[in-house]
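Visitor: I am attaching a structure below and will ask some questions about it afterwards.
The values are calculated or read from the model by the stated rules, or taken from the named source; none is laboratory data. Source: prediction; values computed, not measured. No Cβ is skipped: glycine too gets one built from the backbone with ideal geometry, and neighbour counts run over all protein chains shown. In case anyone asks, the SASA skips ligands and DNA or RNA and just uses the protein heavy atoms, side chains included. Shrake-Rupley method; radii C 1.70, N 1.55, O 1.52, S 1.80 Å.
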Amino acid sequence: MNQKVKLTLVALVCVWAGLTICTEANPTAQPPQSQTKGEVERLTLPDYRQWTHVKSMVIFDETHPLYKSFGGMHHIYVNAKGLKASQAGGPYPDGSTLVFVLYEAVNEDGAYVAGKKKVEAIMVKDRHRFAETGGWGFQAFDPQTHQPLIKQADVTSACYNCHASVKDRDYVFSRFVN
């Protein structure tokens, strides 16, 4: 089995596990009934490395409920359009984009450091284009090829249902850390 197939399988398993956890945590989330076909599949990974760093965290313990899906070192970035909203805790204006980067957490002489990149994901705010998913478009990308991993038909179960649990924070989990 080649590396690309392995990475795709790992990403799909992670999405499935996250959906299982989020569905159990938020069984009342209502999925949207329809959305313009293919909109999330047209999202592309922006050049985010010069954006503002929102926060980092490490999920390192198997007892954490998201360990199977999101175990590792997390870095969150926001573009200039969404910076003030991120600092205020929302709501985010159209054009805001958040990037989530997940690396393996490697214990290196007692310090956790970033290992191999596992996935890059984005949230793009556009209340008209993504009205039925809280105004957000969601997509995850293969870390080597940058090809999208989430199909339009799966965006509700892969992302939106879990993010609906923080609707009061404009569907964003991460808070800006000064």
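Visitor: Among the residues of the range 41-54 satisfying the criterion of being outside any loop (DSSP other than H, G, I, E, B) and touching a residue at least 40 places away in the same chain (Cβ under 8 Å), which is least open to solvent (accessible area, probe 1.4 Å)?
Guide: The extreme case among them is VAL54.
Residue by residue, here is whether (1) acidic (Asp, Glu); (2) open to solvent by 50 Å² or more (accessible area, probe 1.4 Å); (3) modelled with pLDDT of 95 or more holds:
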{"site": "SER56", "(1), (2), (3)": "no, yes, yes"}
{"site": "PHE60", "(1), (2), (3)": "no, yes, no"}
{"site": "SER69", "(1), (2), (3)": "no, no, no"}
{"site": "TYR77", "(1), (2), (3)": "no, no, yes"}
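Visitor: Taking GLN144 as the residue in question, decide whether it is farther than 18 Å from ILE76 by Cβ and in contact (Cβ under 8 Å) with a residue 60 or more places away in the chain.
Guide: When the stated conditions are applied, GLN144 passes them.
Visitor: I need the full set of residues from the range 55-65 which are in a loop (DSSP other than H, G, I, E, B) and either closer than 16 Å to PHE100 by Cβ or among the hydrophobic types (A, V, I, L, M, F, W, C) (or both), in order please.
Guide: The answer is PHE60, and nothing else.
Visitor: Looking at LYS81, LYS68, which one is in a helix (DSSP H, G or I), touching a helix residue (DSSP H, G or I) at 6+ places or on another chain (Cβ under 6 Å) and not aliphatic (A, V, I, L, M)?
Guide: LYS68
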